[in-house]
Amino acid sequence: MALRGSHDTGFGGSLLLGGHLPYGFKVEAEALFQHRPYDTKTLDGVTTTATGFRDTTAVMGNLLWELPLAEATGLPIRPFIGGGAGMAYSQSRLNDNPVGTNTYLQASDWRFAWQALAGVKFDVAPGARLTAQYRYLRADGGRSRCATSGTPTATCLSGNNQSQSVDVGLELDL
Amino acid sequence: MRLSIASRGVALAGLFLASGLAAAIAQDDGYANLPYPGDNDTGLYVALRGSMVG
């Protein structure tokens, strides 16, 4: 059996508590959620519309470094790079569209996760910054149960849950 | 709506350009020298972000 589910573009969000450290370093504790809907499945070479989701909930610890561009140029722009590690809970289900009695893939698993971050912040008011960043998030070794019809019972694959996202938000000093 | 890798790259580049434009406007409005933690300062912050996920 060759089974593949394809995602449509999804959405998500994150909430974090951070700390300014000396020399432009930042440390963060972050909770995030990502939702990606399945729109097609390919089973033994035949592609059809599908429905379902792959959701990821994660708690991460991040370390960032801000380039001292604002101090060097006077522009209120603060580029940053960084990464983080933590635990991610992946939950997914892949069904026919419209939903019938078949569930082709199911997963729910906590796994170690890591992420890479890069973006910019810019000052908009004292103690307030708008942020835009790219995030690559990956959880390795998640187990899935698969079936060609009916309900999945047996573990069929162990794979990676990875995503790319563009995040925009607001950061406030406490 | 499915976005290709190229489209996501263009979207990200747009975000950076928008950031730069907003920063330039902020500079004109006198935000260039807002107080910010220096090399030896510490402090806490919170952030809320929304994501487009591929």
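The values are calculated or read from the model by the stated rules, or taken from the named source; none is laboratory data. Bear in mind that the values here come from a model prediction, so they are computed numbers and not experimental data. Every residue, glycine among them, receives a Cβ derived from its backbone with ideal geometry; neighbour counts consider all protein chains shown.
Does segment A:48-67 contain any residue that is closer than 21 Å to A:Gln162 by Cβ, facing chain B (nearest Cβ under 8 Å) and assigned to a strand (DSSP E or B)? Outline the logic, then answer.
Here is the first cut: in segment A:48-67, the ones closer than 21 Å to A:Gln162 by Cβ are A:50, A:52-64.
Adding the requirement that they be facing chain B (nearest Cβ under 8 Å) leaves none.
No, there is no match, as no residue in segment A:48-67 is closer than 21 Å to A:Gln162 by Cβ, facing chain B (nearest Cβ under 8 Å) and assigned to a strand (DSSP E or B).
With respect to the conditions (1) within 26 Å of A:Ser144 (Cα to Cα); (2) modelled with pLDDT of 85 or more, A:Leu63 falls short on a single one, namely (1).
Output the residues belonging to segment A:112-145 that are of a type in the set (Phe, Trp, Tyr) and either in contact with a His (Cβ under 9 Å, 6 or more places away or on another chain) or within 8 Å of chain B (Cβ to nearest Cβ) (or both). Can you show your working first?
First pass over segment A:112-145, keeping only residues of a type in the set (Phe, Trp, Tyr): A:112, A:114, A:122, A:134, A:136.
Passing the criteria: A:Phe122, A:Tyr134.
Restricting attention to segment A:147-173 and to residues that are surrounded by fewer than 20 Cβ atoms within 10 Å (Cβ to Cβ), at pLDDT below 90 and assigned to a strand (DSSP E or B), the residue that is nearest to the other protein chains (Cβ to nearest Cβ) turns out to be A:Gln162.
What number of residues within segment A:3-41 satisfy the criterion of being polar (S, T, N, Q), modelled with pLDDT under 95 and closer than 20 Å to A:Gly142 by Cα? Before the answer, list the steps.
Looking only at segment A:3-41, we keep the residues that are polar (S, T, N, Q), and these are A:6, A:9, A:14, A:34, A:40.
When the remaining residues are screened for being modelled with pLDDT under 95, the result is A:6, A:9, A:40.
Within this subset, residues satisfying the condition of being closer than 20 Å to A:Gly142 by Cα are A:6.
So the count comes out to 1.
Scanning segment A:13-28 for any residue that is more than 7 Å from chain B (Cβ to nearest Cβ), out of contact with any Phe, Trp or Tyr (no Cβ under 6 Å at 6 or more places or on another chain) and more than 19 Å from A:Val168 (Cβ to Cβ) turns up at least one such residue.
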